[in-house]
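A.B. asks: Structure in structure tokens, see below.
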Amino acid sequence: MKKTFSIVIAEDHTILREALKALLSSHPDLRVVGEAADGLEAIRCAQVHTPDLVLIDLSMPRMNGLQAIKEIKSLAPQTKVVVLTVHKAEQYVRSALEAGADGYLLKEDGSTEFLIAIRHILDGRRYLSSRISCTIIDGFLQVEKAANGLSPCETLTERETLILKMVAEGHSSKEIAEFLCISLKTVINHRTKLMAKLNVHSVASLTVLAFEKGIIKQ
């Protein structure tokens, strides 16, 4: 007989919570045994039902997802915890994994990847959204490069260097997006990441740095 897995959904948006329940319940071996609209209720549900898996958002009323994950793992270490959130930044992913999360998914991921991830995690494996796994790998590689004594500019990827050059030359984000055939949002994300990596806080500072490093010529 096929094993049935019990799941608790902790999500403060009712419509999304109901949609997730409908999606999971459409599979005979996945059974939603509890629902929570805040972090404290998520902990209570995990304690009462001892589910195989808790699906939880990071932004929750009363107690945030990170605190709830720690409590759930303390009360029910065998329960798998999967984050489902809008937060893509590396620090959120790292914090969730450090808190005890077994998986990290984004709300923009498709239902196919969502179900694949749930199966992987219930099978005892970890899973990161395909949309953020590259970011995590890049972050790891940057740490390795920094440890080897490289300057922040030397850790830039080819794409980041090109965007830095175009920003310093005065091109707008829209112009950069059109030239590189990427979305405006992607360009803005690259610029934000560049500023954080190079520890500068304005386009003017980026331009000065590009001149100093010889990325653009006067």
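A.B. asks: Looking at the stretch 176-186, which of its residues are surrounded by 15 or more Cβ atoms within 10 Å (Cβ to Cβ) and either within 18 Å of His201 (Cβ to Cβ) or of a type outside the set (Val, Ile, Thr) (or both)?
C.D. replies: The answer is Ala177, Leu180.
A.B. asks: Now for a different question. Just a yes or no: is a residue in the stretch 114-137 hydrophobic (A, V, I, L, M, F, W, C), at pLDDT below 80 and touching a helix residue (DSSP H, G or I) at 6+ places or on another chain (Cβ under 8 Å)?
C.D. replies: Yes.
A.B. asks: Quick check on the stretch 193-206. Is at least one of its residues in contact with a Ser or Thr (Cβ under 9 Å, 6 or more places away or on another chain), assigned to a helix (DSSP H, G or I) and aliphatic (A, V, I, L, M)?
C.D. replies: Yes, some residue in the stretch 193-206 is in contact with a Ser or Thr (Cβ under 9 Å, 6 or more places away or on another chain), assigned to a helix (DSSP H, G or I) and aliphatic (A, V, I, L, M).
A.B. asks: On the basis of being assigned to a strand (DSSP E or B) and either modelled with pLDDT of 95 or more or closer than 20 Å to Ser6 by Cα (or both), does Val82 make the cut?
C.D. replies: Yes.
A.B. asks: Can you pull out every residue in the stretch 41-62 that is more than 19 Å from Leu16 (Cα to Cα) and either in a helix (DSSP H, G or I) or open to solvent by less than 40 Å² (accessible area, probe 1.4 Å) (or both)?
C.D. replies: Across the stretch 41-62, the qualifying residues are Ile43, Arg44, Ala46, Gln47, Val48, His49, Pro51.
A.B. asks: Go through (1) part of a helix (DSSP H, G or I); (2) open to solvent by less than 40 Å² (accessible area, probe 1.4 Å); (3) out of contact with any Leu (no Cβ under 7 Å at 6 or more places or on another chain); (4) not β-branched (Val, Ile, Thr) and name the single condition Phe114 misses.
C.D. replies: (3)
A.B. asks: Pairs only if they're at least six apart or on different chains, beta carbon under 7 angstrom, first in the stretch 175-187 and farther than 15 Å from Glu160 by Cβ and hydroxyl-bearing (Ser, Thr, Tyr), second surrounded by 15 or more Cβ atoms within 10 Å (Cβ to Cβ) and at pLDDT 85 or above; list them, first residue then second.
C.D. replies: These pairs meet every condition: Ser183/Ala177.
A.B. asks: So, in the stretch 196-218, how many residues would count as being open to solvent by 40 Å² or more (accessible area, probe 1.4 Å) and either closer than 21 Å to Glu90 by Cα or in contact with a Cys (Cβ under 6 Å, 6 or more places away or on another chain) (or both)?
C.D. replies: Summing the residues that are open to solvent by 40 Å² or more (accessible area, probe 1.4 Å) and either closer than 21 Å to Glu90 by Cα or in contact with a Cys (Cβ under 6 Å, 6 or more places away or on another chain) (or both) in the stretch 196-218 gives 5.
A.B. asks: Kindly provide the set of residues from the stretch 195-216 that are within 20 Å of His87 (Cβ to Cβ) and not small (Gly, Ala, Ser), ordered by number.
C.D. replies: Answer for the stretch 195-216, where residues must be within 20 Å of His87 (Cβ to Cβ) and not small (Gly, Ala, Ser): Met195, Lys197.
A.B. asks: Please count how many residues of the stretch 1-40 are assigned to a helix (DSSP H, G or I), aliphatic (A, V, I, L, M), out of contact with any Ser or Thr (no Cβ under 8 Å at 6 or more places or on another chain) and open to solvent by 30 Å² or more (accessible area, probe 1.4 Å). So that I can check it myself, show each step before the final result.
C.D. replies: Within the stretch 1-40, the subset assigned to a helix (DSSP H, G or I) is 14-25, 39-40.
Okay, now just the ones that are also aliphatic (A, V, I, L, M), so 15-16, 19-20, 22-24, 40.
Retained after the next criterion (residues that are out of contact with any Ser or Thr (no Cβ under 8 Å at 6 or more places or on another chain)): 15-16, 19-20, 22, 24, 40.
With the extra rule that they be open to solvent by 30 Å² or more (accessible area, probe 1.4 Å), the set shrinks to 15-16, 19, 22, 40.
Final tally of qualifying residues: 5.
A.B. asks: Same structure again: Can you name every residue in the stretch 82-127 that is acidic (Asp, Glu) and either out of contact with any Gly (no Cβ under 7 Å at 6 or more places or on another chain) or on the phi > 0 side of the Ramachandran plot (or both)?
C.D. replies: Glu98, Asp102, Glu108, Asp109, Glu113, Asp123
The values are calculated or read from the model by the stated rules, or taken from the named source; none is laboratory data. In this text the structure is predicted, and so the values were computed from the model without any measurement. Note that we place each Cβ from the backbone using ideal geometry, even for glycine, and neighbour counts take in every protein chain shown. Ligands, DNA and RNA are stripped out before the accessible areas are found, and what is left, the full protein with its side chains, is counted by its heavy atoms. Shrake-Rupley method; radii C 1.70, N 1.55, O 1.52, S 1.80 Å.
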